[in-house]
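All remarks here apply to the structure that follows.
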Amino acid sequence: MKKIMNEQLIYEVLSVVEEIPEGKVATYGQIACLIGRDKNARLIGKILSQAEFYGQYPCHRVVNHAGRLVPGWDEQRFLLLEEGVSFKNSNHVDMKKNKWEY
DNA sequence: TTTATGACCTGCA
DNA sequence: CTGCAGGCCATAA
């Protein structure tokens, strides 16, 4: 009764990320709140980086509170454009219209 | 256990 | 929203 928690968080996070509709973007704090870890927003990013290892998830729809895309991942911008997400500039999305509300 | 790092958040200007 | 400073939690060394 000790190792679990890692899998638990991943399961909860991916479950929420998978429910994000197309053309919408959710913030880490939003997801963290849904899983009951609003303080662990940073873990979401760490988990999402591992999410690719666990399975295919729309991690490109997840951005930070400022609407900034993942640093070092220019491909995410292209993926969001296909979903119909509006962009303010090369690395910032228009959360005003694309922010996901559950 | 302590230190350092991170796909972050909130508050203030 | 943007930029700066402080803070919370989990992982790795």
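Assorted remarks:
- The range A:24-44, residues that are of a type in the set (A, V, I, L, M) and within 8 Å of DNA strand B (Cβ to nearest atom): A:A32, A:A41, A:L43, A:I44
- Within the range A:23-49, tally of residues that are free of Cβ contacts under 8 Å to residues at least 60 places away in the same chain and either within 12 Å of the chain's Cα centre (by Cα) or surrounded by 13 or more Cβ atoms within 10 Å (Cβ to Cβ) (or both): 18
- Every residue from the range A:3-15 that is hydrophobic (A, V, I, L, M, F, W, C) and part of a loop (DSSP other than H, G, I, E, B): A:I4, A:M5
Conditions (1) among the small types (G, A, S); (2) more than 20 Å from A:A32 (Cα to Cα); (3) in contact with a strand residue (DSSP E or B) (Cβ under 8 Å, 6 or more places away or on another chain); (4) more than 12 Å from DNA strand B (Cβ to nearest atom), marked per residue:
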{"position": "A:G67", "(1), (2), (3), (4)": "yes, no, yes, no"}
{"position": "A:Q76", "(1), (2), (3), (4)": "no, yes, no, no"}
{"position": "A:K88", "(1), (2), (3), (4)": "no, yes, no, yes"}
{"position": "A:K97", "(1), (2), (3), (4)": "no, yes, no, yes"}
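- Screening the range A:16-60 for residues that are in a loop (DSSP other than H, G, I, E, B) and of a type in the set (V, I, T) and picking the one that is farthest from A:E101 (Cα to Cα) gives A:I35.
- The range A:61-88 - residue that is touching a residue at least 60 places away in the same chain (Cβ under 8 Å) and assigned to a loop (DSSP other than H, G, I, E, B) and, of those, most open to solvent (accessible area, probe 1.4 Å): A:G84
The values are calculated or read from the model by the stated rules, or taken from the named source; none is laboratory data. Please read all numbers here as calculations on a predicted model, not as lab measurements. Because the Cβ atoms are built from the backbone with ideal geometry, glycine has one as well, and the counts that use them run over all protein chains shown. All accessible areas refer to the heavy atoms of the entire protein, side chains included, with ligands and DNA or RNA removed. Shrake-Rupley method; radii C 1.70, N 1.55, O 1.52, S 1.80 Å.
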